[in-house]
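*Asks:* Below: one structure in structure tokens.
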Amino acid sequence: MLSSNIVKELQGIVGGENILTSKEERICYSYDATNQQLIPDAVLFPQSAEEISHVLRLANSEKFPVTPRGAGSGFSGGSLPVEGGVVLSLERMNHVLEIDSENLIAVVEPGVVNLDLQIEAERFGLFFPPDPSSLKFCTIGGNIAECAGGPRAVKYGVTRDYVLGLEVVLPTGEIIDTGVKTLKGVVGYDLTRLIVGSEGTLGIVTRATLRLLPLPEAVKTMLVVFNDLSDTGRAVLSIMNSRIIPSAIEFMDAVSIGCVEESLSMELSKDTEAILLIELDGESGAIDRQSAVVRDICMQHNAVNVRVASDKRETKDLWRIRRSISPSLIKLKPYKLNEDVVVPRSKIPDLIAGVRDIAGKKNVIIATFGHAGDGNIHINIMVDNNNHDELRRGKEAVEEVFRLTIGLGGTISGEHGIGTVKAPYIGMELKPHVIDVMKKIKQTLDPNGILNPGKIFQGK
Ligand SMILES: Cc1cc2nc3c(=O)[nH]c(=O)nc-3n(C[C@H](O)[C@H](O)[C@H](O)COP(=O)(O)OP(=O)(O)OC[C@H]3O[C@@H](n4cnc5c(N)ncnc54)[C@H](O)[C@@H]3O)c2cc1C
């Protein structure tokens, strides 16, 4: 517990209206999307890098932990205060500071919600390519800390590809600027890349300079139904081999489809095994030609139905279906072990077949869906967490899925990060001396271990 003297000092730094200490209020900041609960001793809403710097200096002298938090939508426990102390919410630092439409750059505070940046950029005919399915509520700070991706990653890449520079408060309180405001820049080590994806363990992002792109002239979205999983995998590979790069190729298996079927408003036969949501963007003539090619490829691979959205509303409806999968899975079981492995695209059919075998062997329901275009498949092992035997079988399935993924040349997390949830497994992928190098970096920047302790690595 924080002493009353520390709470008074924190009030002095951020102001009485920017600190929560009652239990009811603290409970609101004790969750993320993993459904775990860890209650902080206090919640702070700083408004500037200087205030954060003071908080971190106090945390070092009084030795209490500080956990940064955006919207708390993370899937790996990153924003949960595992050792108590302060949750430092960036939600009130939520201003888009600048859109430089000549240089295609945005400067934002970390608490800006991804969709709000999209809306602001659109006014200038621009967009920010990273589009996690949580874009309506997740923050840019959280996107940077997790190096979030989204459906558009297959064509445009992930958050790290759009971060030019950062203002960061280091765990010991120094405020530094990293990176550049230009498209190129190679002076010194790339500290920007070190911070991106560091899960709030190496510094707190207080301002970000981001790269924007011009909005494409046209977009075409189609939903393609398959009765055979291997046909679906082959269709994805053939599309990519045709040298057309869609801006999204999202995959849903039969279990996922079952959860959102009523919103599909189309007749599906009981043989439906998979659906692809494919989007093309670019110059309108090119999009028409490319969509005809993609349609032909899907038909050659035995697609049973291809529905092309006729207007913006239908496009939105198709995306709503895809974005509702994750929240709809609760219909199956109250709890999910949510993994986001990545394999080389050509190995997706092997991954999906292997996951099916694991589901059968461990007698658990597994829903698979996600970003087929870049090989990042979400594997949701559905369990009742009050059923200890089912939970145990689910956890065993997780380990088998990771073993399968690594065997296929993949990685155990494409975008959700390690946090607490995957910390026990990083040794399956990283060699001990690599983990040692990472721990040394952490120790150098955070000698007292006060910033987001208990994440990524198990033990000290
Ligand atoms: C329905 C749903 C769909 C999702 N879809 C996707 C998807 O398609 N792609 C994807 O990548 N993710 C997805 N996610 C996961 C999640 O939304 C992302 O990881 C997102 O980037 C987290 O942002 P947040 O603001 O909620 O951060 P939080 O969950 O609050 O925090 C995440 C991590 O970032 C750190 N952090 C937050 N702000 C800062 C800061 N300013 N400085 C330093 N560290 C900070 C925290 O300490 C924590 O470690 C989804 C989640 C949900 C619930």
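Only the coordinates and a few stated rules stand behind these numbers; no lab work does. All values reported here derive from a predicted model rather than from experimental measurement. So basically every Cβ, Gly included, is an ideal-geometry build from the backbone, and we count neighbours across all protein chains shown.
*Asks:* Quick one: which residues, 5+ away or cross-chain, put their amide H under 5 Å from the amide H of L126? H built at 1.01 Å from N.
*Replies:* Result for L126 returns L215.
*Asks:* Write out the trypsin sites (Lys or Arg not before Pro) in the range 38-114 meeting two conditions: DSSP loop, and at most 16 other Cβ atoms within 10 Å of their Cβ.
*Replies:* Filter output for the range 38-114: K63, R92.
*Asks:* In terms of modelled amide H atoms, which long-range or inter-chain residues lie less than 5 Å from the amide H of N448?
*Replies:* Amide H neighbours of N448, under 5 Å, 5+ apart: none.
*Asks:* Right, something else. Sketch the reach of a paramagnetic label on A353 as a point 7 Å from Cα along Cα-to-Cβ, and name the residues of the range 231-258 whose backbone nitrogen lies under 17 Å away.
*Replies:* It comes to 231-238, nothing else.
*Asks:* Points 7 angstrom from Cα along the Cβ direction at V186 and K316: gap in nanometres?
*Replies:* So the two model labels end up 4.6 nm from each other.
*Asks:* Would any residue of the range 79-102 have its amide N under 13 Å from a label point 7 Å out along Cα→Cβ of S22? List them or say none.
*Replies:* Hits in the range 79-102 for S22 at 13 Å: none.
*Asks:* Still on this structure, please answer the following. Pop out the ³J(HN,Hα) list for the range 102-116 in order, Karplus 6.51 cos²θ - 1.76 cosθ + 1.60 with θ = phi - 60°, rounded to Hz; leave Gly and Pro as x.
*Replies:* 6, 9, 6, 9, 10, 10, 9, 7, x, x, 5, 6, 3, 5, 5
*Asks:* Give me the angle, in degrees from 0 to 90, between the Cα long axis of helix 4-14 and the longest principal axis of the Cα atoms of the chain, rounded to the nearest 10.
*Replies:* 70
*Asks:* Got a sec to turn the phi values of the range 129-134 into Karplus ³J(HN,Hα) couplings, 6.51 cos²θ - 1.76 cosθ + 1.60 with θ = phi - 60°, whole Hz, x for Gly and Pro?
*Replies:* x, x, 9, x, 4, 8
*Asks:* Right, next: Once both labels are modelled 7 Å past Cα along the beta-carbon direction, what's the R211-E50 spacing in nm?
*Replies:* 3.4
*Asks:* A follow-up question, please. Sort out for me the Cα centre separation of the range 158-236 from the range 51-116, rounded to whole Å.
*Replies:* 16
*Asks:* Can you tally the net charge around K181? Count Lys and Arg as +1, Asp and Glu as -1, for every other residue whose Cβ sits under 13 Å from the Cβ of K181.
*Replies:* Every neighbour counted, the sum reads -2.
*Asks:* Next question. Go through the range 168-255 and name the trypsin sites (Lys or Arg not before Pro) that are in a DSSP coil and have 14 or fewer other Cβ atoms within 10 Å of their Cβ. Display every interim value, and only then the final one.
*Replies:* Numbers: sites: K181, K184, R193, R207, R211, K220, R234, R243; in loops: K181, K184, R243.
Taking the range 168-255 and a limit of 14 other Cβ atoms within 10 Å, the loop trypsin sites (Lys or Arg not before Pro) found are K181, K184, R243.
*Asks:* Hey, which of these cross-link pairs are over 31 Å Cα-Cα: K220/K333; K8/K136; K136/K422; K155/K270; K136/K336? Before the final figure, lay out the partial values.
*Replies:* Numbers: K220/K333 35 Å; K8/K136 35 Å; K136/K422 25 Å; K155/K270 33 Å; K136/K336 22 Å.
Going by Cα-Cα distance, K220/K333; K8/K136; K155/K270 fall outside the 31 Å limit.
*Asks:* Want the number for A218 to H388: 0.36 nm per residue separation, take away the alpha-carbon distance, what's left?
*Replies:* This chain segment gains 56.1 nm when fully extended.
*Asks:* When a/c is below 1.5 the answer is rounded, else prolate if a/b is larger than b/c, else oblate, so apply that to the range 332-415 with a ≥ b ≥ c taken from the square roots of the Cα gyration tensor eigenvalues.
*Replies:* In terms of gyration-tensor shape, prolate.
*Asks:* Using a simple spin-label model with points 7 Å from Cα along the Cα→Cβ vector, what separation in nm is obtained for I245 and R289?
*Replies:* 1.8
*Asks:* Would you order I330, I406, I377, I140 from fewest to most other beta-carbon atoms within 10 Å of each residue's own beta-carbon?
*Replies:* I330, I406, I377, I140
*Asks:* Could you size up the charge dipole of the range 205-307 around its Cα centre, putting +1 on the beta carbon of Lys and Arg and -1 on that of Asp and Glu, and report it in debye to the nearest 20? Show your work: numbers first, answer last.
*Replies:* Numbers: 9 positive and 15 negative charges, 99 e Å.
So the dipole magnitude of the range 205-307 works out to roughly 480 debye.
*Asks:* Oh, and also: Tabulate in residue order the Karplus-calculated ³J(HN,Hα) for the range 276-285, using 6.51 cos²θ - 1.76 cosθ + 1.60 with θ = phi - 60°, rounded to whole Hz; enter x for Gly and Pro.
*Replies:* Once rounded to whole Hz, the list reads 10, 9, 10, 10, 10, 9, x, 6, 4, x.
*Asks:* Next up: Could you give the angle, 0 to 90 degrees to the nearest 10, between helix 254-264's Cα long axis and the longest principal axis of the Cα atoms of the chain?
*Replies:* Rounded to the nearest ten degrees, it is 90.
*Asks:* Compute the acute angle (0 to 90°) between the alpha-carbon long axis of helix 49-62 and the principal axis of greatest extent of the alpha-carbon atoms of the chain; round to the nearest 10°.
*Replies:* For 49-62 against the chain, the angle is about 60 degrees.
*Asks:* Less than 9 Å Cβ to Cβ from V342, Lys/Arg counted +1 and Asp/Glu -1: what total charge do the surrounding residues give?
*Replies:* Once positives and negatives cancel, what remains is -3.
*Asks:* Can you tell me what the convex hull of the Cα atoms of the chain projects to on average, as an area in nm²?
*Replies:* If I average the Cα hull's projected area over directions, I get 22.0 nm².
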